[in-house]
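Each remark here refers to the structure printed beneath this line.
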Amino acid sequence: MDLEKLADSLCFGGRQQRWRHRSATLGCEMTFSIYLPPQAAAGTPLPVLYWLSGLTCTDENFVQKAGAQRTAAELGLILVCPDTSPRGAEVACAPDGAWDLGLGAGFYLNASEAPWAAHYRMHDYVADELPALVEAHFPASDHRAISGHSMGGHGALTLAFRHPGRYRSVSAFAPICHPCDCPWGQKAFRHYLGDDESRWQEWDASVLIGQAQERLPLLIDQGEADTFLATQLRPEALEAAASAAGYPLTLRRHAGYDHSYFFIASLIDDHLHHHARGLYPGA
């Protein structure tokens, strides 16, 4: 597989890079960002945290705004950030230009409805194709963790619950916890998956947590000044489902914090240490 390097900068002794490749899963060219900490120069495979961003974002939002590289360098963690949807002239987009459907809004699922099914298979891309590429071309091990924000938090949770044994820890900032019962999720699911709402449950973290086959370390942070909290995010649904399933969940609520990257930057170190404990057992 051909990889084209788009950017490469020194950052806290490591390399912050951006790459383009042709995705067989998505049928288009994709970009991803990767932070290689200083320890990667030795060539020994390092664990990887996959970060999934939210609506309207690209692979660059997290690496430019979250301030994660310093602690990733200290902990020896590779950070991999995919884009949030397929892109390109051949890829379907929302006919009305909506920001919550289509480009930048792939919802980390595998679409089954036309015209979306031809390209919108972000779940398989993140679960299979991207890790295989990263582990083949970079000093990355198969010790993986996953995290994300908002739509990306939904993606991180569903990927972790649907793929036992794939990840060693999971976390999220302000995730869409119950997409079957919120406007963003209902709109996306109806377009991508069709009108049969029973199929939507296959992509809903508040349903999947009750079917989870393993108990991963799970950390969620939610700002109480988040304007999307009551209508879109629904953490109380996930909290109730986790309790019913006996799934250990650390859900922290923070007064005054909103949905922005200022919130993420304020707490990203906690999440990196959370994942390091899962990726470096006994450390």
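The values are calculated or read from the model by the stated rules, or taken from the named source; none is laboratory data. Note that the structure is a prediction, hence the values are computed from the model and not measured. All Cβ positions, glycine included, derive from the backbone under ideal geometry; neighbour counts span all protein chains shown.
Which ones in the stretch 76-90 are among the aliphatic types (A, V, I, L, M) and within 21 Å of the chain's Cα centre (by Cα)?
Of everything in the stretch 76-90, those that are among the aliphatic types (A, V, I, L, M) and within 21 Å of the chain's Cα centre (by Cα) turn out to be L77, I78, L79, V80.
Do we find a residue being surrounded by fewer than 18 Cβ atoms within 10 Å (Cβ to Cβ), more than 23 Å from H154 (Cβ to Cβ) and either in contact with a helix residue (DSSP H, G or I) (Cβ under 7 Å, 6 or more places away or on another chain) or among the charged types (D, E, K, R) (or both) anywhere in the stretch 42-63?
No, the conditions are met nowhere in the stretch 42-63.
Kindly indicate the residue of the stretch 1-53 that is assigned to a loop (DSSP other than H, G, I, E, B) and in contact with a Pro (Cβ under 6 Å, 6 or more places away or on another chain) and also nearest to S150 (Cα to Cα) among those meeting that condition.
Going through the qualifying residues, I end up with L26.
Return the total of residues in the stretch 81-108 being surrounded by 24 or more Cβ atoms within 10 Å (Cβ to Cβ) and of a type in the set (A, V, I, L, M, F, W, C).
Residues flagged as surrounded by 24 or more Cβ atoms within 10 Å (Cβ to Cβ) and of a type in the set (A, V, I, L, M, F, W, C) within the stretch 81-108 amount to 4.
Scan the stretch 225-248 residue by residue and report those that are of a type in the set (V, I, T) and without any contact (Cβ under 8 Å) to a residue 40 or more places away in the chain.
The answer is T227, and nothing else.
If you check every pair at least six apart or on different chains, which have Cβ atoms under 7 Å apart with a residue in the stretch 52-68 that is charged (D, E, K, R) first and a residue that is modelled with pLDDT of 95 or more and surrounded by fewer than 16 Cβ atoms within 10 Å (Cβ to Cβ) second?
Between residues of the stretch 52-68 that are charged (D, E, K, R) and residues that are modelled with pLDDT of 95 or more and surrounded by fewer than 16 Cβ atoms within 10 Å (Cβ to Cβ), the close pairs are K65/A265.
Among (1) assigned to a loop (DSSP other than H, G, I, E, B); (2) closer than 16 Å to H274 by Cβ, where does P164 come up short?
(2)
Do you know which residues across the stretch 182-200 are over 18 Å from the mean Cα position of the chain (by Cα), outside any loop (DSSP other than H, G, I, E, B) and surrounded by 15 or more Cβ atoms within 10 Å (Cβ to Cβ)?
Within the stretch 182-200, K187, R190, H191, Y192, L193, W200 meet the criteria.
Kindly list the number of the only condition in (1) surrounded by fewer than 22 Cβ atoms within 10 Å (Cβ to Cβ); (2) on the phi > 0 side of the Ramachandran plot that fails for R234.
(1)
Can you tell me which residue among G256, G210 is closer than 30 Å to W116 by Cβ, of a type in the set (G, A, S) and either in contact with an Asp or Glu (Cβ under 8 Å, 6 or more places away or on another chain) or assigned to a helix (DSSP H, G or I) (or both)?
The conditions single out G210.
Could you please find all residues in the stretch 112-162 being under 21 Å from W200 (Cβ atoms) and either modelled with pLDDT under 95 or charged (D, E, K, R) (or both)?
Passing the criteria: E113, R121, D124, R162.
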